[in-house]
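Below is one structure, written out as structure tokens; comments come after it.
The values are calculated or read from the model by the stated rules, or taken from the named source; none is laboratory data. The structure displayed is predicted, hence computed values, not measured ones. Cβ coordinates were reconstructed from backbone atoms using ideal geometry, including for glycine residues, and neighbour counts include every protein chain displayed. Just so you know, the surface numbers come from the protein's heavy atoms only, side chains and all, with ligands and any DNA or RNA stripped out. Shrake-Rupley method; radii C 1.70, N 1.55, O 1.52, S 1.80 Å.
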Amino acid sequence: MQTFLKITKNALALGFILLAASSIVGAQSTGLGTWPTQKPIRLIAVFPPGGSVDQVARILAPALQAELKQNVIVENIGGASGVIGTSAMTRSEPDGYTFAVVLDTHGVNPSLKDRLPYDTIKDIAPVTLIGTSPKVLVASKNSGITSFKQLTDQSKARKQFSYGSIGVGSLGHLAMARLAKQAGFDWNHIPYRGGGPSMQDVLGGQVQLGIGSEFLVKPHVDSGGVIPLVISTSKRSAALPNVPTIAESGFPGFNAPAWWAMLAPGKTPPAIVNAMNQAVTKALKSPAVSEKLKSQGIEIIAGNPELATDFIGKQIGIWGKFVIENNIKEVSQ
């Protein structure tokens with residue numbers, strides 16, 4: 001009887017060992033190893049608190065945490081139109097525990113900056129194109145401007161206006177620079193270090209106009225803090241249906257959408273990039289995330305890493321050409 005019990009115990013022990021071994025082999029065969037069980041995942045928001053990048057990251061984080069069964073910690077590393085935070089991400093170990101949420105400035109920085117501390121192609125692996133949204137041009141209540149027509153009429157009459165954006169070379173800056181060039185306006189651009197600081201000055205009347213993503217400005221529109229004048233995409237937004245587009249306001253064909261993406265260090269194993277892509281896609285489709293993003297005007301895209309890579313590459317080409325042709329230079333902020 002004792003011999004039988006000993007054999008049984010040994011068999012059970014061997015079974016547990018084989019089961020554990022098969023689990024390890026299974027994990028290794030997928031290319032994931034032990035990811036994501038080893039440590040919390042760091043999600044770098046490359047702009048300061050209060051802006052759209054910060055908010056998108058913080059909406060995604062709890063849903064990703066539930067999906068991956070691992071803590072997801074948002075860390076704000078702002079500055080230089082997203083370069084400082086993106087650089088911190090590229091310098092991290094490519095082990096699947098550090099990612100970054102970036103804005104459309106990511107597609108402009110290669111042409112705007114004389115020297116980036118990373119190679120936008122080699123040192124970065126796009127994970128997911130999170131979504132797109134209109135940029136919204138808004139007026140301070142102290143500006144006296146209540147419509148885009150009034151703004152353009154006064155601009156044509158050579159009245160001076162200043163507008164704030166999240167920085168030189170940001171999509172908001174470039175969209176307004178393109179509009180001003182087409183119309184012959186002489187607007188003064190005031191760069192900020194993020195959407196939060198920019199909107200605070202519009203709300204306080206320190207600057208007459210502000211350009212920001214719909215995600216950023218809609219809460220202030222809803223509260224009556226700012227006056228929406230026009231949006232940058234070719235179609236009206238369902239979230240702001242009464243706000244006209246620039247294209248329908250005398251500038252046919254004008255289209256400049258904001259966008260957000262998640263990136264990983266360039267040498268992150270493809271299996272982990274794909275696994276994170278699937279986790280983000282599921283999170284974006286969950287009601288807790290999709291309803292919040294859609295309510296702020298973000299059209300969710302998701303898609304695979306290849307789609308994100310292709311989209312970002314095209315954005316680099318479109319806006320890089322505009323920066324070079326118009327000799328747009330970075331200035332100290």
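Taking the chain as a Gaussian network of alpha-carbon nodes connected by springs under 10 Å, the highest mean-square fluctuation of the residues S133, S234, S170 belongs to S234.
Alpha-carbon geometry of the chain: the Rg and the Dmax are 23.6, 104 Å, given in that order. Rounded to the nearest whole Hz, the Karplus-based 3J(HN,Hα) values (6.51 cos²θ - 1.76 cosθ + 1.60, θ = phi - 60°) of segment 241-248 follow the sequence x, 8, 8, x, 8, 5, 4, 8, with x at glycine and proline.
Applying a DSSP loop filter and a limit of 11 other Cβ atoms within 10 Å to the chymotrypsin sites (Phe, Trp or Tyr not before Pro) in segment 181-216 leaves nothing.
Surface composition of the chain: carbon plus sulfur atoms contribute 56% of the solvent-accessible area (1.4 Å probe, protein chains only, all chains present). For K159, a cut-off of 20 angstrom between C-alpha atoms picks up these aspartates and glutamates, skipping any fewer than 8 places away in its own chain: D186. Dividing the summed -39500 (n - 2.57) terms of all DSSP H runs of n ≥ 4 by the residue count of the chain sets its mean residue ellipticity at 222 nm at -13500 deg cm²/dmol. Close amide H pairs (under 5 Å, H built 1.01 Å from N) link G164 with I190, L209, G210, I211, residues at least 5 positions away or on another chain.
D for segment 185-310, whole µm²/s, Stokes-Einstein with Kirkwood Rh over alpha-carbon pairs at 20 °C and 1.002 mPa s: what number? The calculation lands on 127 µm²/s. Cross-link partners for K122 among the lysines, with Cα-Cα distance under 24 Å and sequence neighbours closer than 8 places in the same chain left out: K113, K267, K314, K321. For segment 95-158, the Kirkwood estimate of hydrodynamic radius, built from reciprocal distances between every pair of different alpha carbons, is 16.1 Å. Placing R0 at 30 angstrom, the Cβ-Cβ distance between K285 and A238 gives a FRET efficiency of 0.95 after rounding to 0.05.
Sequentially through segment 251-267, phi angles give Karplus couplings (6.51, -1.76, 1.60; θ = phi - 60°) of 9, x, x, 5, 7, 8, x, 7, 8, 10, 9, 10, 10, 10, x, x, 9 Hz, Gly and Pro residues having no value and appearing as x. Summing charges over all other residues whose Cβ lies under 15 Å from the Cβ of A288, with Lys and Arg as +1 and Asp and Glu as -1, gives +3. Summing charges over neighbours of A247, with a neighbour being any other residue whose Cβ is under 14 Å away from its Cβ, gives +3 when K and R count +1 and D and E count -1.
How big is D, in µm² s⁻¹, for segment 68-121 by Stokes-Einstein at 10 °C and 1.306 mPa s if Rh is the Kirkwood radius over C-alpha pairs? The calculation lands on 130 µm²/s.
3J(HN,Hα) along segment 158-172: 6, 6, 7, 10, 10, 10, x, 9, 7, x, 4, x, 5, 4, x Hz, from the Karplus curve 6.51 cos²θ - 1.76 cosθ + 1.60 with θ = phi - 60°, whole Hz, x for Gly and Pro.
In a simple Cβ point-charge model (Lys, Arg +1; Asp, Glu -1; nothing else charged), the chain has a dipole of about 200 debye relative to its Cα centre. Three principal axis extents of segment 134-249 based on alpha-carbon atoms, in descending order, are 31, 28, 27 Å.
Among P134, P219, P110, the largest mean-square fluctuation in a Gaussian network model of the chain, built with springs joining Cα atoms closer than 10 Å, belongs to P219. Among K141/K329; K135/K329; K69/K282, which pairs are too far apart, with a Cα-Cα distance over 25 Å? With Cα atoms farther than 25 Å apart: K141/K329. Segment 154-182 and segment 80-96 have Cα centres spaced 30 Å apart.
Positive-end ranking of I166, T245, V217 along the dipole of segment 134-249, with charges on Cβ about the Cα centre, is headed by T245. Against the chain, whose longest principal axis comes from its Cα atoms, helix 52-68 is set at around 20 degrees.
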